[in-house]
Amino acid sequence: LDAKQDVVCVEGWGWRPGHMIYNFNGPALEYNIHGWMKYFGPWDEKKEIEINKYFGFLDGFEQDDEWLKNFYLIQRSKVNEILPNYVKEFLNGDKKIFLLPCNVIGDSSLLNRESIFRSQRNFISETIEFFKDNPDLKLIVRAHPGEEWVKSKVKIKMGEFAKEISKDISNILVIDSTDDLNTFSLVPYLDAALIWITSAGVDLVARGIPVVSAAIPKYTGLGIVDEPKSKTEYFSL
């Protein structure tokens, strides 16, 4: 594109073997949320039922609906399972708790999404530094459990990266992609979430958690999450 050359990006579509996705002059995996909303029309009772089944799916409960069988269970445990002791200990106290759920490095839907930070790693680094300087707040960094589905493609694991730069910072907890925990089981303890572009942003807002996006999410401009225009605005939020 920099050389003024038109490009068609094509990828295999892992959820449906044999299918391909493509896009013209943009990443193959693009999200046309506005177009989808227009196509599917106004919200109704049927959609309400379907979305509640989807949330049940995210929470780790099996669903019989055929359309959900095209998805894979990213979370490896149910939302109501007992939290590991190290997580319960971290949640104790009255400090405000923020969740930072990571995206998987190598996911092409991350391309061209940077806004106020140059990369997801830069966003995580500066956020960890902020919490280091503000010990009255707590931060949980949750590496995307989907990293375990694409091990051969993930050269940089966000859990390992976050652990390395948050060593000995008592108000920061890193939950690795391999840890057996449903991300949404943390919801009752959270005050807010800080995201890059993850779809978990929508899932958390739907569960009553305010979300700040540090990049341009797939659902940008819909008023679902806060989208600060500067680092100053991000950190003040």
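The values are calculated or read from the model by the stated rules, or taken from the named source; none is laboratory data. Note that the coordinates shown come from a computational prediction; the quantities given were computed from them, not determined experimentally. Ideal geometry is used to build each Cβ from the backbone, glycine not excepted, and the neighbour counts take in all protein chains shown. Just the protein is used for accessible areas: all its heavy atoms, side chains included, with ligands, DNA and RNA removed. Shrake-Rupley method; radii C 1.70, N 1.55, O 1.52, S 1.80 Å.
Would you mind finding the one in T198, T232, T183 that is among the β-branched types (V, I, T) and without any contact (Cβ under 8 Å) to a residue 12 or more places away in the chain?
Residue meeting the stated conditions: T232.
Of everything in the range 23-80, what is open to solvent by less than 100 Å² (accessible area, probe 1.4 Å), assigned to a loop (DSSP other than H, G, I, E, B) and farther than 30 Å from D176 by Cα? Give them in sequence order.
If the condition is that a residue be open to solvent by less than 100 Å² (accessible area, probe 1.4 Å), assigned to a loop (DSSP other than H, G, I, E, B) and farther than 30 Å from D176 by Cα, then N25, G26, N32, G41, D44, D65 are the ones that fit.
Could you say whether any residue in the range 217-226 is hydroxyl-bearing (S, T, Y) and closer than 23 Å to I74 by Cα?
yes
For D133, which of the numbered conditions (1) in contact with a Ser or Thr (Cβ under 9 Å, 6 or more places away or on another chain); (2) open to solvent by 10 Å² or more (accessible area, probe 1.4 Å) fails to hold?
For D133, the exception is condition (1).
Among what's in the range 102-112 and is outside any helix (DSSP H, G or I) and within 25 Å of Q75 (Cα to Cα), pick the residue that is most open to solvent (accessible area, probe 1.4 Å).
L111
I'm told I165 meets every condition in (1) touching a helix residue (DSSP H, G or I) at 6+ places or on another chain (Cβ under 8 Å); (2) at pLDDT 90 or above; (3) within 21 Å of P210 (Cα to Cα); (4) not hydroxyl-bearing (S, T, Y) except one. Can you identify the failing condition by its number?
(3)
Filter the range 208-233 down to the residues that are in contact with a Phe, Trp or Tyr (Cβ under 7 Å, 6 or more places away or on another chain) and over 20 Å from L137 (Cβ atoms), then identify the one that is least open to solvent (accessible area, probe 1.4 Å).
Restricting to residues being in contact with a Phe, Trp or Tyr (Cβ under 7 Å, 6 or more places away or on another chain) and over 20 Å from L137 (Cβ atoms), the top hit is A215.
Taking only the range 167-203 into account, find how many residues are in a loop (DSSP other than H, G, I, E, B), among the aliphatic types (A, V, I, L, M) and buried (at least 23 other Cβ atoms within 10 Å of the Cβ).
1
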